[in-house]
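Each value in this text was obtained by applying a stated rule to the coordinates, not by laboratory testing. Since the structure is predicted, the reported quantities are computational estimates derived from the model, not experimental observations. All Cβ positions, glycine included, derive from the backbone under ideal geometry; neighbour counts span all protein chains shown.
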């Protein structure tokens, strides 16, 4: 019996080669998309899963609420960790990591080798108790007890020491000599991008400073005891914090602590501020998963459509089999078997195609995903399960339809008049509507994502980021003689202007409070502080809307002057930029010696709002001031005409002031490009998978159009004989399908609007969802469908009507 089933399946495969090809190709492409997306999603879900006892590890973070709304802040005060460890019994151990400036690179020296490296962490000794990383050399025991010690990653060790054991060897970190105590194994699925760890005692933080409840400069992790409830610990921490921190009516922000499970950090922290962890985005993971399901559904619907369409041609076969005693269950088993065979062929092609495409996907995403069926039994089992599930789901309905034909009716005449055919027609139409609804949905989403990403890259940021070299100051001589260094830079050929400070666009900024005296009271407001110099406005080409910029001609500008942006004018209650001029601001100076010292000054100018952060964030109320104590970064506006020579001139000036440190720079526009890498990749992937979904849908439509033309060939012949032209025949065959596409558009449009509205909500600055996007998507889908159908329709219209009328 089974041999007969295979023989029949083999014959049908070659008898209906065109339909078999469309089914196999459609399923293969759909399965390939699912496999590739599945591999990506699986990889995204693996972060931190390798860590022993990771289910007991949590991170503490804050929700900051102010006048402008709420933000999640990854860093917390040092006393949070102390409190958790000492006052909450459910906490087994705690470790803090000192938050360092973003993107700062550390000079590493081993012998004559000098390299800059990212990934320096300064942590409590319990770091390796929380994160139980495997050690290749040395031991985690007491590795961070000595302030002169350092623990390094395996990858970092190979870069600086080669393949030798470096334990006990010296390494210079920013000119400070340290002793290597251990080497831990690197793991790309660790959410902390750590290359080397220094002990907290090496930071030299005063003990009194570590008792602070307001200095939010630490990432804090805890490990709970077995069976402890982290929500209960979170509640306890909130109660303690509420008692310890005096409610201050003048404080610009309120803070609420949260505890986050380790396995949520990577995917559920994309919106956190001041977070140095590697972060994914659960929204993108879910979106790609939905797209994979869409594409697979389209491929499966193709199969159901084509199988039911061909059912009439196999009606006599069913009738004969039933007449000679075949039961319905045997027929269902036969047709399901044929479907599973087709699915198996599709899966084989899909596996081969996935293996070919995966290296390109790895390069695009920066991942190291693997796909080897012969080395991974679980993957082989998954593919076999997929074959069975997809085969059954795609083939069950056609099998039930085919096996349900009445033998007397189908053998009585050449035309199948079974009562089920009407229901098949409606099913087929419904599936076409769903297919094109999904395709139109993806077209709308891809278009809006493309517009938003283009907007991110092209929006006027309110300053000029082009041709600006950006680098960090290094060496005592440079810090002590920063003004002379800047003067030398400005004299270099090709340098238009230079600025030194802290808080350049695309780099780290400082959140702090400013005090506004009003009616005898002092209002406290949360603002962003940009520490600038006299040439900041000129170098970045920031626009003034009122007043003037800082100037050396005014002696009070250095110590008693402020500039603010337009948003600050509104937030601080000045009404208009002109009205803000001359108003007094007071700032608590960053000063460890005298923390109560204040800087009082007048507002001398108002700048147009400019975006120094990504467009995910609204422009904050911002205060600009001259504060040399924060001078750490340099921006140099260079002439684009002879860029290479200008860079050489900057290097020569650098070498005069900091010969022991090599110059490492980046251009400011590159900083902004890096902000939107995830969106750029989403845009590309969405267009690829949208194109694939449309292509698979059109393959099925092509097959159905061919079947429709074949089924109505006599009608077409009669119409041709009666004088119908080719255009009217094409319109006749196309009209039905185009109406289905219009119905699909009506289904897809509201769903696409809802999905994109929610996605755009993540951006403070975004494009509008315009009506033309939906119109274009509908027209494109209709045009694609028409072109797909018209080939078969035109072919049928041009056929000799005599041949169509002569033969049955």
key: Calculated log₁₀ intensity ratio I(q)/I(0) where the Debye formula runs over C-alpha points of the stretch 468-675, q = 0.07, 0.08, 0.16 Å⁻¹   = -0.22, -0.29, -1.09
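Given the convex hull over the Cα atoms of the stretch 645-686, what projected area results after averaging over all orientations, in nm²? Kindly include the intermediate steps, with their values, before the conclusion.
Numbers: hull surface 17.2 nm².
It is 4.3 nm².
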query = For the chain, what proportion of DSSP beta bridges, expressed in % and rounded to the nearest 5, is antiparallel?
reply = 80 percent
inquiry  = With just the Cα atoms defining each centre, how far is the stretch 110-180 from the stretch 487-543? Give it in Å.
reply    = 36 Å
key: Degrees, to the nearest 10: 726-760 long Cα axis against longest axis of the chain   = 30 degrees
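Run through every distinct alpha carbon pair of the stretch 726-789 and return the Kirkwood hydrodynamic radius in angstroms, one decimal place. Before the final figure, lay out each step's value.
Working: mean 1/r = 0.0740 Å⁻¹.
Taking every pair of different Cα atoms in the stretch 726-789, averaging 1/r and inverting gives 13.5 Å.
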Sites residue 215 and residue 783, calculated FRET efficiency, Cβ-Cβ separation with R0 51 Å, nearest 0.05 = 0.25
key: Cα-only radius of gyration and Dmax that characterise the chain, units Å   = 34.1, 108
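So what is the relative contact order for the chain, in percent, with contacts set as C-alpha pairs under 8 Å and at least six apart?
15 percent
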key: Relative packing of peptides 448-458, 289-299, 517-527, 142-152 - highest average C-beta neighbours within 10 Å first   = 289-299, 142-152, 448-458, 517-527
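What share of Cα pairs, in percent, lie more than 18 angstrom apart in the stretch 94-182?
Numbers: 1705 of 3916 pairs.
Cα-Cα pairs of the stretch 94-182 separated by over 18 Å account for 44 percent.
With a 10 Å radius around each residue's Cβ, average the other Cβ atoms per peptide and rank 368-374, 356-362, highest first.
Working: 368-374: 12.7, 356-362: 14.3.
Going by the mean number of other Cβ atoms within 10 Å, highest first, we get 356-362, 368-374.
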Rg ratio (alpha-carbon, reference 2.2 N^0.38 Å) - the stretch 451-579 = 1.23
ask   = Using all Cα-Cα distances in the stretch 187-250, what percent lands in each 5 angstrom bin from 0 up to the longest?
value = 3, 10, 14, 19, 18, 18, 13, 4, 1, 0
Relative counts (whole %) of C-alpha pair distances in the stretch 602-656, using bins that are 10 Å wide = 15, 29, 32, 23, 1
request  = Report, please, the projected area of the stretch 54-265 averaged over directions, based on the convex hull of its C-alpha atoms, in nm².
outcome  = 12.7 nm²
inquiry  = Using only the Cα atoms of the stretch 528-579, what are the Rg and Dmax in Å?
reply    = 11.6, 30
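So how much slack lies between residue 455 and residue 159, counting 0.36 nm per residue of separation and subtracting their Cα-Cα distance, in nm?
Numbers: separation 296, 0.36 × 296 = 106.56 nm, distance 3.95 nm.
Stretched fully, the residue 455-residue 159 segment lengthens by 102.6 nm.
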Centroid-to-centroid separation of the stretch 439-486 and the stretch 328-385 [C-alpha atoms, Å] = 42 Å
